[in-house]
Every structure is written in structure tokens, then in C-alpha cells.
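Following: one structure in C-alpha cells, then a few remarks.
Readers should treat all values here as calculations from the given coordinates under stated rules, not as data from a laboratory. Computed from a predicted structure; not experimentally measured. Cβ placement follows ideal geometry from the backbone for every residue including glycine, while neighbour counts extend to all protein chains displayed.
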Amino acid sequence: MLDSVLFYFFAGVAVLSAALMVTRRNAVHSAVFLITTLLATAGIFLQLRAEFLFIAQIILYVGGIMVLFIFVIMLVRLDVALHHIRFRMQRFVAVLVALALAFEVTVIVLLAGKLPGGGLFVQGAAPADKLPPNTEELAKSLFSSYLLPFEIASVLLLVAMVGAVVMAKNRRRGDAS
Amino acid sequence: MMSPAHYLFLSLALFMIGCIGVVTRRNVIVVLMSIELILNAVNINLVLFSRVFGDVAGQVFALFIIADAAAEAAVGLGIIIAFFRNRETLLADEMDLLKW
Amino acid sequence: MNATLQALLQFLQTWWVELVCGVVIVAVVPLIAGYVVLVERKLMADMQARLGPMRVGPHGLLQPIADAVKLLIKEDIIPRDSDALIFWFAPVISMVAALTSMGALYFGPSFRVAQGINIGILFVIGVSSLGFLGIILGGWASNSHYSIIGAIRSTAQLVSYETAGGLAIIAALLLAGTLRISAIVDAQAEQRVWFIFLAPVGFFIYLVASIAETNRAPFDLPEAESELVAGYMTEYSGFRWALYFLGEYANMIVVASVATTLFLGGWLRPFPNVHWLNWLDGLPPLIIALAGIYSIYRAGKQPVWVQSWFMWAVAFACFAVAAIFAAPIAFAPLRFALPGLNGAFWFLVKVSAYIYVFMWLRFTLPRYRFDQLMHLGWYILIPLAIVNVFSVGVAMLLESEFGWNRWLALIITTAFTLAVSVYLVHLHDKRAVMASTGRGVISDSYAG
Amino acid sequence: MQDDALQNNGTLLGADELVLNMGPQHPSTHGVLRVKLKLDGERVRGTECVIGYLHRGVEKIAENRTYQQFAPYVDRMDYVAAVSNGLGYCEAVEKLLNVEAPDRAKVIRTILTELQRIASHLVWLGTHALDIGALTPLFYCFREREEILKIFEKYCGARLTTHAFRIGGLQYEAYDEFEKDVERFCKDFERRIQDYADLLTGNSIWIGRTRNIGVLNAADCIALGATGPILRAAGVKWDLRKAQPYAAYDRYQFEIPVGTNGDTYDRYMVRMEEMRQSRLICLQAIENIPAGPIFGKVGKVIKPAPGEVYHAIEAPKGILGYYIVSDGSTQPYRVRIRPPSFVNLQALDTMIRGHLVADVVAVIGTLDIVLGEVDR
């Protein structure tokens, strides 16, 4: 009961604010609604008993990535008028494509029971109170089986950091370099 | 726990909204944000199946995706700042030159 | 319908303690924050050779309440051309973030909302960092130059110093080996030492970073009154302003609690394992009773009978609290409450000491400039924090794998960290000299 | 090259310049100065001072007052150093009349003026430190200033706008314990000023905030007419008390502190040392206050012969000059005042370009302006 209340609450907030994020004109409003979506998703993670991801989502996504977004939005101080929408055609196409995708996934989910292997409705999930401590499990897995991907991810972040610095560095006109 | 289908539909909805955002918005920053939303939708699936199968690998990959999103945001915003500095615009349809 | 009601009842039955604690936090923290402000003003007055608030109640004891009433009935101004919705909502975010993060804290072995949170300390840090949203959105929505500069400064500062602070606490977390708050304190009891002695550099970095995170002097640039009037709060008035203010002080309590838990032994009294010091358990009621006696002494000196009565009331409140603290010592059947009460007392003492350091620094030091602040963060604190994590890790490895004496290992690695810090400061000074020779060198102050 | 880039491309992000309006109601513009800052991010690209919010037409008022009647008005220009203003005006009119104040009057004038210099520098130190974020020195400085103001009050009954001197000498004899009061203050002050120096001089944040900030070298100072501690901090040893001695300054030993870089830190050091030197002057002066009359040979009606005179003194903030034209009547034909703050304020733009917003307040503070004097 509590589970379903929480799920519907978080899911509703997530979907609603995601929709608002895409439709708001003002980029800051979009960012605010994206943050709301991300927080609601964090709630979903918590409801799925993934505590570490919950906090990672909050610290990294909301506290890190979204700060960056808001920061850039404010720095570039966008006074450009965005009234004129040239992408009307594209909007139509987008909805169409999205609906097709939705249809496809719905069909798969609904027909899943008839697929070999019992489909998606796995009933083997452990009850919430029998789960091993999430953070420890995650750490063990991350630093044993997935050590290489972990290192690759860190290299990726390093590359991204260097790239971002190079990209955003204030290169002045008239500079020889 | 709710049935996995609930989560799948939630993830699907977020994914769709993200896609629509990517395709329809002109402001590059909002396009980037929509991409973040898509990645987030994928994360829900990963965490869901990690829970369903009792295997923590899904969460590990969700973590990798968050790291990737961070990298992408950093580079993407770096590009946007560099672009804005040169062209003073953030509209996707005005980014029509390969070189200037 | 009936099922819903049943579920609700069951929910309440399971969680009523936590709910009550949560309500108490929401209700009491603003009051505490108000009195922290009073204490700050009194301290500042003392250091500046004046009296501070003296009018409202004896020694200004009712000042926070008067301030709160004033702020509540003040006109709530929303500037024209501001983004009304975000302007309206931003202070709430700031406040909610600070209060929510308190939910995972332990204010003593038995005073807490949620217990046994697996990610305890991370939750506190992550959620309290959401407060930046309130600041930056409020600054942006105000549509004022002062506000937006304050907001941008604040965000840049928060992001940089959160990195340093987060890396600094890893030292303590490595020593504790867990993220659970109660387990961290238990680890300190078990190892018979506060982690501040094992990881002094980590504590120092966290101290500096927490001052910067809470926007306190000498890092109070976002609201530097002599430059930016009031930074992101410039356009706010009345209750909304009060929310920001409360959020800030609540945040101070949060960072002080985190530091206390991680480095200062949480609710443990000094030397918890030394038995001949057990008389320290009698100290809390004694100190509180002394405060009561002092209040009686001051009561005689009040000029007006109302104030004198109020002082008496304060004195009796002190005696009542002292009696509560003394009861478990006096009556054996109540002995079970002793650790809880004393734990809360010691926790409070440590948090107050930490906050006192904040205030002391504020009254003593001039303010950093923004680029200096960023340099300090990025060129000194963050590298130092990384080196510190490395050296604490090496020390633990030396201890567990090579059987070194723990203290020897820690002293050697700490010496290494300190050497690195000296080198970093030296580098920074050299850079500063180089920068100052060519005047007006553009260094991108936000990129650090 | 950098400047070229800025002209082409504007600012850091290529966005427009941000124009930040500081003042006239701003906590650290020391009154009603309004500064329009052109910012790139937080870097100052240019400033524009808007003054006149406190304009009272002091110079014009002079033309409709007798010489004695105008004396209190000058107190209201630099209201934190009213005694110095009065000294300058009285001496200027005395020069016009070709009389001199008696010795005793001169010495007492010197003592009061030096006390006023200390008081003025204390106000500067407190507010400057407050601007840079040190809250506490302000209260200590005002505590000491209070002692000086008490001496003023005992002497002439007023604390701020004292009107202590008269044309031709003094109105009031020094009160009985005048020497003792001054001596006690000077004794205390030695220790107190060391306290401030301990709080600020070696503080690395303070040094970081002031060193190499708002540099004004000697050539710029002279070109812009900046005087007082600003000029001396740039290394020019120019103090009218030594260069063109007036009152009783030629009788006392004192040093003129000079700086080397002409930055905010040097100006801080120069002013601190000036306070110490003023203290020494006071101590020397009270040792031997000559006996005699306190009022010279000046009649009740002052009617200078037609002519003009310029007299300048070293006020706490720089050279304060009075140019008085007489047409032979009881009222001046024209009074022109050269206020140090007004001239020094010109240097703001030069000093601040390329610095950060936070330095603006440091530089305004180090200029030590009083808007009553700037706007007159």
C-alpha cells in the first residue's frame, strides 16, 4: 500500500514535471522542472531499495550536473526571443515517433508473458527486508567484477574534464594559438 | 513492490518526453537537458531489473550512466559556451556551419 | 476507503516516533536558529566592546522571538519583473533542504528521526547541498544585478568547497569503515579515539569547507554586505528573507553536527573508556544548575520587575532541566536514560563549540575576494584533500597489511600531507606574486 | 592585445557588459556616492562617478555671509575632520587680513587639529576594514574616536561640527585638564593602535585584499592631483606641514611616512604611521603650551582690503586649499575651496580598472572620501 502510494506519487511528479520541462519557454524553468523530475526519479530509486543510487542521483545529478546547467544558463543570459517556432513540422513528427515507440513497448510489455522464459514478470525478487546492504554490495561489485569499466569511466570523466576546460577556455581573437 | 510493468511504463513515458524534447526544442541547453532525461529514464529500467533479479550489476551500470551523463554535460556545455561566445546564439537551427 | 484508512493507521502505528521527531525538528530548529543568532550577536558584541541586544527581555533573551514576529508581519515584497513563482518558492527550497538533511542526523544516541540509514552521512551531505538551488533560483528570480552576482558566486563557491569537504570526510569514513552515523560514533568509541586526532588534516579541510559552504565569513562573499548589499537576498523581505536566514543557520547546525559526528566523537563524552573519569557523567546537571544559579544572580540586578521575573523563570527552567539530567544518576531504575541524556548534552556542547569557532572567525577576519576564494579552494584545499585521502588510506594499509603501529603510520602519513600542504601554499604564493606583477591579468574567476 | 579583444568582442562570454549601479544608497560608498560600474563578469571595465547628491552650494553661501558667519559652514564639508577645515579657513582669512594668531592659539590649534587627524583616520580605518569584511575594528576605532570627541566637547561644547577656531585665534581658552586629557589619550592610544596593527597588518587575508590593489603611482598621483596619504603612499614625500609649515608645526619633530608601491596596503600603512606621528606631535605640543593671549588683533568687523589669497593646509585626507577673493566688503567676493576628497576621487577610475567588484569597495575605502566635502 505504502509502496504503491509512493510509486504513484513519485511517478506522477516525474512525468508531470518532465512534460513541463519540455514545454516551458524559459530555460531556467525547464531546468527547475528537470531537477524536480530527477528528484522524483531518485525517490523511485529509493523505492526500489537502491539507496546508493538515490544519493548518487541527488549529489551527482542535482548537485553537480544541474548546477552546471543552471550556471551556464545564467552566464549566457539568454535574451534571445524564442517565440518563433520553426520546428512545427518536427514537433508533429516527434509526437508520431514517440507514439510509435510507446505502442511498440506497450505491446512488448503486454505480450511479454507469452514470450519464452516467462517474460518480464519475474516474481523472484527478494522482499525488501531481506536485501543485503545496498552500498556494500554495490561497492564490492564495482571494485571487483566491474573494476575495468570503473577505471574506464574515470578516464572518461578525466577526458571530459580536460575537454570541457579546453572548449570553454577563453581564447581571444588575435591570439596566435 | 509494484509490478515491473509500472516502472517500465514510467521509464517509457520519461523516455518519450525526452525524445520529444530533443526533437522539438530549439534551445540547445534544453536539448541537452532532454538528453539527460532520456538517460535518467534508462536508469530507472536498470535499477528496476537489478531489483527484480537481485543482481547489483544493474545499479553499477546506472552509476556508469550517471558518470557518462556528467561527462556529457561538461563537454556539451563547454561546446555551448564556446559556440555562444562566437555566435551569440543558442538556437539549434542557427548552428548550420561546420566552420566559421 | 476502509482499507485506505487501515493502511494509514498501520503506517502511523509503525512510524509515529519518527513522525513526531520530524515534527519536533521542524518546530524546534527555527527556534534554535533564532537563539543561535542571539548568541552570535551577544558574542559579537562582547568581542567588539559593546553590549548587544539588551532591550527585549533581560539580556535580550526574547530578541529572537521579537525578530521572528517582526519578520512575520512585515510586508512581503515581490519585485516587479521578477519571476514571481520561483521568487516565491526559492527560499522554501533552501529551508526544506536544511531541515530534511537533519532527518538523518543523530543528535545523541537516542535523539534522531530516522535510524540506521545505510547511506547516513551521504544523505545528510547530499540533501543539505540541495540548498544551493534555493539560493541560485532566488538570486535569478529577483531580477537584480546584485542578486544574480551573489547567486552565481554562491553556486561556484558551493560546488568547489563541497568537493573539498566531501573529500575531507572520506578520511574519517575510511577510519570508520561505514556510512551509518551511529556506527561511525561507535567506531570512535571502539577505537578509543576521536577521528580528529587520527585525521587532523581532514578535519581542518572540513572546517574550512564547511565555513565556505554555509557562506560564513571570511567566505561570506555571496552576501558580502559591503559589496553586494545582501547578495542573493537583496530583494527579499519579511518572511521569505527569514526563511533564507533560517535555512542558513539550520545549515550551520547541520555541518557542525556532521563534523561532530565524524571527527569529534559524536555524543561520546571525553574519554568514554576511562573509568576513573566517570564523574564526568555528573557534569551536565551541574553545569545547567550553575547556569540557573547565575540567572538568579542576574535576576536581582534587573531594572524592571518583569525582567526580574523572567530571569527567575529562566533559572527555574534551568533547574528543571538539571533535575531531568540528574534523575538517572540519583535513581537506579532510571539509569537506562543516562547515556541518552548525557549523549545529547555532549553532542550539543561539541556542536556549540564548532559553531563558536565559526563566529569567532567571523568577527576576526576580513573577507576573501572571490578569485582568492576560488584559488584557495581549487589550488590548495582540493589537492590537499585528495592527498589526505591517499595518505589515510596508505596508513590504514600499512596497519592492516604490514602490521605497523597505527599511530606511527598515521603520524608519518600526516607529516607527508602537511609537507604537501606547505608545498601547495608555496606554489600558490609564487603564483600570486606572478599574477600581481602584471596588473589586470585576467584570470577567469569562475573557472578558478 | 587584451584591450583590443575586449573592444571587438566585448566580454568574457561575449555577452553584453553588465552595468551595475552602486549607490547612492549602498552600504559601502560612504555616503551618497553613486558609481556606475561596467562589469565583465565581476571584472570592472570602467567606472563613472555620479556626485552631487549632497550638494549644498557651500561656496555660493560664502558670498552672502560675513567672514565670521561663514566659518561654521566649512565644518560641514568634511564632517569627520571639522577642526581641520576650520583651521584652513581661519588661517586663510588671517592671511588675507595679514594678521597672525598668537602663539598659544597656534599651539592649541595644532593639538586639536592633530587629534582631529587621528579621529579622521580612525573613522577611515574602521570603515575601510568593515568594507573589506573585518567587522570588529570599526567598534574599536569608534571607541578611541569617542575619547577625542570627548576632548572636543569639553573644549568647545560640540563633538562633530566643532567650530573650534575663530579668525584671529581662539574663542575658548583650553579647559583646566586639557593637557591631562590629551596626554591620557595619547598614552592609551599607543597600545590601542598596536592592537589594530596586530589585527590587520600581518593578516594574510588583509594583505591579499589590499596589496597591489588600486595602485596609483607617483606620476599618476601628480597628474590627477591626488594628495595626502595617497600621494605619500606612492613614495612622494610631500606634506604641507613640513613643506609650507603653518600653525605651529615647524616647532615639532615628526616624520612623514611614505610608501613605495602606492597600493591600498601602502596607504593603510601610511595612515597608520600618520596616526602614530600625530600622537607624537600632540605629546610634544602639550609639554609646552606657551602662555599668553589666545586672540590676535582682529576687530569685530572683518573688512579685508581688496585682494585675493590662497592658503592650503594638510587636512587628514590631503591638501585642503581655500582661495578667497575680497572686494573690500564684509563678505567675501568669491570663495573657492579645493577639497582633497573631490580631487582624490578622480583617481577612482584609474585605480579600479581591471580589478574585481570586491576591490571597488576596497578602493573607495582607501580613497577615504567624505561626500560632504566632495559635493560641498
For the pair A:ALA139 and C:ALA7, the simple spin-label estimate (label points 7 Å beyond Cα toward Cβ) gives in nm 3.6
Using a cut-off of under 18 Å, list every residue of the stretch C:11-33 whose amide N is near the label point 7 Å from the Cα of C:ALA337 along the Cα-to-beta-carbon line.
-> C:21
May I ask you to order B:74-84, D:241-251, A:47-57, D:52-62 by the average number of other C-beta atoms within 10 Å around their residues, highest value first?
-> A:47-57, B:74-84, D:241-251, D:52-62
B:ASN27 long-range amide H proximity, modeled H, under 5 Å = B:ALA92
Picking from D:GLY365, D:THR66, D:ILE111, whose Cα lies most toward the positive end of the charge dipole for the stretch D:58-375 (charges on Cβ: Lys, Arg +1; Asp, Glu -1)?
-> D:THR66
Using θ = phi - 60° and the Karplus form 6.51 cos²θ - 1.76 cosθ + 1.60, what ³J(HN,Hα) does each residue of the stretch D:312-320 get, whole Hz, x for Gly and Pro?
-> 10, 10, 8, 6, x, 9, x, 7, 10
Determine the alpha carbon to alpha carbon distance for each of D:LYS154/D:LYS317; C:LYS70/C:LYS350; D:LYS95/D:LYS187; C:LYS430/D:LYS38; C:LYS74/D:LYS38 and list only those over 27 Å.
-> C:LYS70/C:LYS350; D:LYS95/D:LYS187; C:LYS430/D:LYS38; C:LYS74/D:LYS38
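Classify the stretch C:186-324 as rounded, prolate or oblate from the Cα gyration tensor: take a ≥ b ≥ c as the square roots of its eigenvalues, call it rounded if a/c is under 1.5, otherwise prolate when a/b beats b/c and oblate if not.
Here the stretch C:186-324 falls in the oblate category.
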Of the residues C:GLY52, C:MET95, C:GLN157, the Cα lying farthest along the dipole of chain C towards its positive end, which is defined by charges on the beta carbon of Lys, Arg, Asp and Glu, belongs to C:GLY52
Here the gain from full extension of C:GLU18 to C:ALA49, 0.36 nm per residue of separation minus their alpha-carbon distance, amounts to 6.7 nm
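Show me D:223-232, D:147-156, C:268-277 ranked by packing, highest mean number of other Cβ atoms within 10 Å first.
D:223-232, D:147-156, C:268-277
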Points 7 angstrom from Cα along the Cβ direction at D:VAL99 and C:ALA330: gap in nanometres?
-> 8.5
Stokes-Einstein D for the stretch C:1-73, Kirkwood Rh over Cα pairs, 4 °C, 1.567 mPa s (µm²/s) = 85
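Summing -39500 (n - 2.57) over the DSSP H runs of n ≥ 4 in the protein assembly as shown and dividing by its residue number, what mean residue ellipticity at 222 nm do you reach, to the nearest 500 deg cm²/dmol?
Result for the protein assembly as shown: -21000 deg cm²/dmol, rounded to the nearest 500.
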Where only alpha carbons of the stretch B:4-91 are counted, the Rg and the Dmax (Å) | 15.4, 50
Based only on the alpha carbon positions, what is the Kirkwood hydrodynamic radius of chain D, in angstrom?
-> 21.4
Could you work out how far the C-alpha centroid of the stretch C:53-127 sits from that of the stretch C:338-398, in angstrom?
-> 22
Hey, if you put +1 on the Cβ of every Lys and Arg and -1 on every Asp and Glu Cβ in the protein assembly as shown, which of D:CYS156, C:ILE288, D:ILE51 ends up farthest toward the positive end of that dipole?
-> D:CYS156
Cβ-defined net charge surrounding D:ASP327, 11 Å radius [Lys, Arg +1; Asp, Glu -1] | 0
Mind checking the mean number of beta-carbon atoms from other chains within 10 Å of the Cβ atoms in A:11-18?
-> 5
Once you put a point 7 Å from the Cα of C:ILE287 and another 7 Å from the Cα of C:LEU85, both along the Cβ direction, what distance in nm separates them?
-> 4.9
Taking only Cα atoms, what is the 0 to 90° angle, nearest 10, from helix D:136-156's long axis to the longest principal axis of chain D?
-> 20
Tell me, what HN-Hα J-couplings in whole Hz come from the Karplus equation 6.51 cos²θ - 1.76 cosθ + 1.60 at θ = phi - 60° for each residue of the stretch D:259-266, using x for Gly and Pro?
-> x, 10, 8, x, 9, 4, 5, 4
Before anything else, pin down the relative contact order of chain C: Cα pairs under 8 Å, at least 6 apart, normalised by residue count, whole percent.
-> 18
Using the beta-carbon distance between C:VAL394 and A:LEU110 and R0 = 45 Å, what value does 1/(1 + (r/R0)^6) give for FRET efficiency, to the nearest 0.05?
-> 0.20
Given all pairs of distinct Cα atoms, the protein assembly as shown yields a Kirkwood Rh in Å of 33.3
Once you wrap a convex hull around the alpha carbon atoms of chain C, what is its projected area averaged over all directions, in nm²?
-> 28.1
In whole angstrom, largest first, the equivalent ellipsoid semi-axes that the Cα gyration tensor gives for the stretch D:204-301 are 34, 17, 11
Of all alpha-carbon pairs in the stretch D:149-285, indicate the percentage at a distance above 23 angstrom.
-> 49
Residue-wise, which Karplus ³J(HN,Hα) couplings in Hz belong to the stretch C:71-77, taking 6.51 cos²θ - 1.76 cosθ + 1.60, θ = phi - 60°, and x for glycine or proline?
-> 5, 5, 9, 6, 5, 8, 8
For the stretch C:343-436, just the Cα set please: Rg and Dmax, both in angstrom.
-> 18.0, 52
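Gain in length, D:VAL19 to D:GLN244, computed as 0.36 nm per residue apart minus the alpha-carbon separation, to one decimal in nm?
76.6 nm
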Once you charge only the Cβ atoms, +1 for Lys and Arg and -1 for Asp and Glu, what is the size of the charge dipole of the protein assembly as shown about its Cα centre, to the nearest 20 debye?
-> 1100
Shielding of C:352-363 by partner chains, average beta-carbon count, 10 Å = 1
In units of 2.2 N^0.38 Å, the Cα radius of gyration of the stretch C:275-361 is 1.30
Is any residue of the stretch B:46-80 close enough, with backbone N under 18 Å, to a label point placed 7 angstrom from the Cα of A:VAL155 along the Cα-Cβ axis, and if so, which?
-> B:64-65, B:67-69, B:71-72
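For B:44-57, what's the mean count of beta carbons from other chains sitting within 10 Å of each residue's beta carbon?
Values: counts 6, 0, 2, 10, 6, 4, 7, 10, 8, 4, 8, 2, 14, 5.
Per residue, the average neighbour count from other chains is 6.
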